[in-house]
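The values are calculated or read from the model by the stated rules, or taken from the named source; none is laboratory data. Just so it is clear, the model here is predicted, and its values are computed rather than measured. Cβ coordinates were reconstructed from backbone atoms using ideal geometry, including for glycine residues, and neighbour counts include every protein chain displayed.
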Amino acid sequence: MKKTDAQKYLAKVRRKPAKNEHCLQRAIVKWCNGLGSGIVRDRFAAIPNGGSRGASAKDRMIAGARMKAEGVRSGMPDMVFWKGYGIVWLEVKNGTSGKVSESQKSVHESLRNNGHEIAVVRSLAEAITAIIKFYKQ
């Protein structure tokens, strides 16, 4: 049986699970810039929605207000990949414990209703499979 492109790439990546969503997203970016660069070719970006925004509550509030004023929207997927007029969004979740929030469900529904693909990925293997499937369509 002939191996698919996803199977070929998956055979070359580490199988150790990511500690958190940040680590998983970093692994996805590393794959895109390394083994997957022939497929992705810099046609992706991260959406800066989460993460720490400061040490104090005041710092976090100020940073959050600035980000909101700049158009950052709660519930947006973590990464976007494109080709021509096609777009796929990746929502990166940690293993089986990461849950899609209500704001994320709402944004995902809106994006799907406008013809966009959404993939919720919980491992590097799932991310690679979704990315390759999108670019090979």
Taking the criterion of being surrounded by 15 or more Cβ atoms within 10 Å (Cβ to Cβ), at pLDDT 90 or above and not hydrophobic (A, V, I, L, M, F, W, C), would at least one residue in the stretch 4-22 satisfy it?
no
Restricting to the stretch 35-64, count the residues that are surrounded by 11 or more Cβ atoms within 10 Å (Cβ to Cβ) and either among the aromatic types (Phe, Trp, Tyr) or more than 14 Å from the chain's Cα centre (by Cα) (or both).
14
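Residue-by-condition table, conditions (1) of a type in the set (Lys, Arg); (2) closer than 20 Å to Asn20 by Cα; (3) modelled with pLDDT of 90 or more; (4) exposed (fewer than 13 other Cβ atoms within 10 Å of the Cβ):
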| residue | (1), (2), (3), (4) |
| --- | --- |
| Pro77 | no, yes, yes, no |
| Lys83 | yes, no, yes, no |
| Gly86 | no, no, yes, no |
| Glu91 | no, yes, yes, no |
Identify the residue in the stretch 93-113 that is modelled with pLDDT under 95 and either within 15 Å of Glu126 (Cα to Cα) or of a type in the set (A, V, I, L, M) (or both) and, among all such residues, is nearest to the chain's Cα centre (by Cα).
Lys93
Just to be sure before I move on: is Ala125 out of contact with any His (no Cβ under 6 Å at 6 or more places or on another chain), touching a residue at least 60 places away in the same chain (Cβ under 8 Å) and surrounded by fewer than 19 Cβ atoms within 10 Å (Cβ to Cβ) in the structure I sent?
yes
Whether any residue in the stretch 94-107 is touching a helix residue (DSSP H, G or I) at 6+ places or on another chain (Cβ under 8 Å), surrounded by 12 or more Cβ atoms within 10 Å (Cβ to Cβ) and in contact (Cβ under 8 Å) with a residue 60 or more places away in the chain is what I want to check.
yes
